[in-house]
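To start, the structure itself, in structure tokens.
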Amino acid sequence: MLKFLSGANDVANSFATSVGSRSLKLWQAVCIALFTEAAGGILLGAETADTIKGKLISPALFTKRPELLMQGFMCSLISSSSWVMFATYMGWPVSTTHSIVGAIAGMGISAFGSSAVDWSWNGMGKIIASWFISPAVAGVIASIVYLITKFIVFRAKDTLRTGINTIPFFFAFTLSIMSFYVILKNGKNVLASVTVDYVKGTYTSKGDWGLTMGIVAAIFGGILILSYIFVVPFFKRLLIEEEKLRWFHVFYIFAVPKQPKDENLVNNLKSHFTPEDVEKAAEDGEDEYLNKSEPVTRTQEVVSSGDHMDSTPKDVVNAAGKKIKNLLYNSLFMDVASAQSRNAADAHALAIKYDNKTEYLYSFLQVCTAAFASFAHGSNDLANAVGPLAATYSIWQSASVSTSAPVPLWALVYGAVALDLGLALYGYNIMRNLGNNLTYHSPSRGFSMEFGAALTVITASFIGLPVSTTHCITGATIGVGLCNGTLKSVNWVMFAWTMFSWIITVPVAGLFAGLLYAFTTRGASFSY
């Protein structure tokens with residue numbers, strides 16, 4: 001349940017920038033998450049799971065009564081799931097990481113007092129610090145990436161040609177960074193060892209760094225060359241010569257004959273990426289995306305018509321069927337950007353708008369960063385609920401408490417499936433309350449936001465630090481929003497509500513878990 005709700009909340013936060021900028025549709029985000037969340041959790045997630053399941057409270061405290069630790073983890077999962085469910089229903093983008101951490105800490109305090117929780121830097125200390133450090137770091141990285149893009153590409157005399165010529169570097173850099181972490185993480189036991197001291201802690205990585213950097217350099221060079229061979233000619237024909245091309249033509253662009261000119265390209269891009277034009281079209285009844293979101297209203301009308309006394313059973317069944325159909329339609333095909341854009345019009349008006357053709361380049365790149373962000377989320381947040389589950393399974397299997405129980409592969413796969421279902425069925429509720437509501441989104445901005453957040457999250461996962469994806473993507477969004485040069489370009493009311501939900505998450509989840517554990521272990525018993 002926690003991973004289902006994490007998909008509806010945290011994964012939705014990860015994809016809010018892509019869907020909010022219209023680089024991806026909601027159903028496309030779900031399809032990407034289906035693979036990348038599982039890959040991130042399986043390839044990089046076990047380190048974080050170990051922190052969640054064994055380093056917040058000492059399992060040795062439960063050595064004589066291992067069944068109580070099982071019960072404690074179950075209370076923690078129930079508590080964190082209940083809070084995230086309520087927050088998701090309210091549209092609050094909370095952190096499942098904070099929720100499960102607070103719940104485990106609350107359970108430990110309830111069982112053995114405050115001394116049961118490791119408050120040092122190696123326990124709760126670095127986790128609490130990450131709540132403040134990670135959004136700041138993500139915001140700085142995202143701002144740097146966006147400012148580089150802004151001054152090199154969008155301030156050039158010919159922004160489109162400059163963008164086309166530089167986009168291969170962005171592709172190569174993004175994919176090689178992700179490859180670096182995967183290769184190094186899975187080559188830890190090869191040869192060399194590197195020890196790094198950081199803020200009262202020590203991180204040791206074992207692996208062949210020379211081999212790793214050689215492979216990453218080869219990946220970077222290979223992607224760069226392939227991009228110049230295939231991607232650059234594709235974009236020149238699509239955007240400069242304005243030929244009618246499909247996305248899959250990029251793979252065999254030299255074999256594609258001359259295509260007719262797309263007379264509607266400019267207008268289509270304008271209505272697709274420029275929010276004020278979309279809103280104006282919507283007021284005139286011309287916005288196709290807003291019209292597609294109307295099933296919500298029609299569903300309400302159908303349900304109300306089925307409440308009359310003279311309705312037949314067939315009418316009731318048909319009404320219920322249409323309600324379910326519209327619910328599934330909105331879950332996968334709602335245009336979240338249209339639902340967001342009206343709530344932050346003042347902030348959007350202060351953002352600088354750039355050439356739509358150049359922005360379109362970054363919509364392709366943002367697909368890569370969306371996958372990168374989802375991969376990073378899977379590597380960190382997928383493990384957060386799997387940690388208690390893995391510990392519970394280990395105790396059930398061995399009837400003893402172990403401090404080094406491995407995280408089974410099936411647990412990571414199980415969590416990944418639940419994540420995807422949560423995003424598919426209820427992710428839209430969070431996406432329409434974050435994304436464009438916080439600041440103006442465009443493909444170039446969304447790319448910077450996702451890259452900054454993903455790099456922060458995946459680095460934290462690499463060193464075993466369970467950070468919040470929600471915090472990182474929010475920090476990155478605020479950082480890019482402030483690059484507009486004015487504080488008014490950010491919707492601070494929305495940010496205040498987001499901060500409020502962050503602050504109360506840990507104490508609420510911890511209080512509920514502690515009370516639930518106390519009730520189930522110290523309550524009245526009817527056994528004799």
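The values are calculated or read from the model by the stated rules, or taken from the named source; none is laboratory data. Values in this document were obtained by computation on a predicted structure and should not be read as measured data. Cβ: placed from backbone, ideal geometry, glycine included. Neighbour counts: every protein chain shown. Note: accessible area is taken over every heavy atom of the protein model, side chains too, but ligands, DNA and RNA are not part of it. Shrake-Rupley method; radii C 1.70, N 1.55, O 1.52, S 1.80 Å.
Worth a mention:
- Restricting Ala416, Ala424, Ala453 to those that are open to solvent by less than 10 Å² (accessible area, probe 1.4 Å) and touching a Leu at 6+ places or on another chain (Cβ under 8 Å) reduces the list to Ala416.
- Looking across the stretch 192-220, just one residue is more than 17 Å from Tyr181 (Cα to Cα) and either modelled with pLDDT of 75 or more or of a type in the set (Asp, Glu) (or both), and that is Asp197.
- Subset tally (residues that are open to solvent by 20 Å² or more (accessible area, probe 1.4 Å), within 31 Å of the chain's Cα centre (by Cα) and closer than 22 Å to Tyr354 by Cβ) for the stretch 221-244: 1
- Of the candidates Asn356, Asn436, the single residue that is crowded, with 21+ Cβ neighbours inside 10 Å, of a type in the set (S, T, N, Q) and either within 23 Å of Ser80 (Cβ to Cβ) or modelled with pLDDT of 80 or more (or both) is Asn356.
- For the stretch 83-125, the set of residues classified as closer than 21 Å to Ala390 by Cβ and not hydrophobic (A, V, I, L, M, F, W, C) consists of Ser95, Thr96, Thr97, His98, Ser99, Gly102, Gly106, Gly108, Asp118, Asn122, Gly123, listed by residue number.
- Any pair with Cβ under 7 angstrom, 6 or more apart, that starts in the stretch 258-279 at a residue that is under 27 Å from Ala351 (Cβ atoms) and ends at one that is at pLDDT below 85 and of a type in the set (Val, Ile, Thr): Ser271/Val278
- The number of residues in the stretch 245-262 being loosely packed, with under 15 Cβ neighbours inside 10 Å, out of contact with any Pro (no Cβ under 8 Å at 6 or more places or on another chain) and part of a helix (DSSP H, G or I) comes to 5.
- Yes/no for Val480 being farther than 20 Å from Gly106 by Cα and modelled with pLDDT of 85 or more: yes
- Taking the numbered list (1) under 20 Å from Phe495 (Cβ atoms); (2) open to solvent by 20 Å² or more (accessible area, probe 1.4 Å); (3) part of a helix (DSSP H, G or I) in turn, Ile78 passes all entries but (1).
- Considering the stretch 479-504, and only residues there that are under 22 Å from Thr96 (Cα atoms) and of a type in the set (Gly, Ala, Ser), the residue that is surrounded by the most Cβ atoms within 10 Å (Cβ to Cβ) turns out to be Ser501.
- Residue in the stretch 105-115 that is polar (S, T, N, Q), within 16 Å of Leu516 (Cα to Cα) and either touching an Asp or Glu at 6+ places or on another chain (Cβ under 7 Å) or crowded, with 24+ Cβ neighbours inside 10 Å (or both) present: no
- Yes/no for Ile164 being within 30 Å of Ile352 (Cβ to Cβ), modelled with pLDDT under 85 and open to solvent by less than 40 Å² (accessible area, probe 1.4 Å): no
- Taken over the stretch 141-157, the residue count meeting the criterion of being of a type outside the set (Phe, Trp, Tyr), out of contact with any Ser or Thr (no Cβ under 9 Å at 6 or more places or on another chain) and part of a helix (DSSP H, G or I) is 0.
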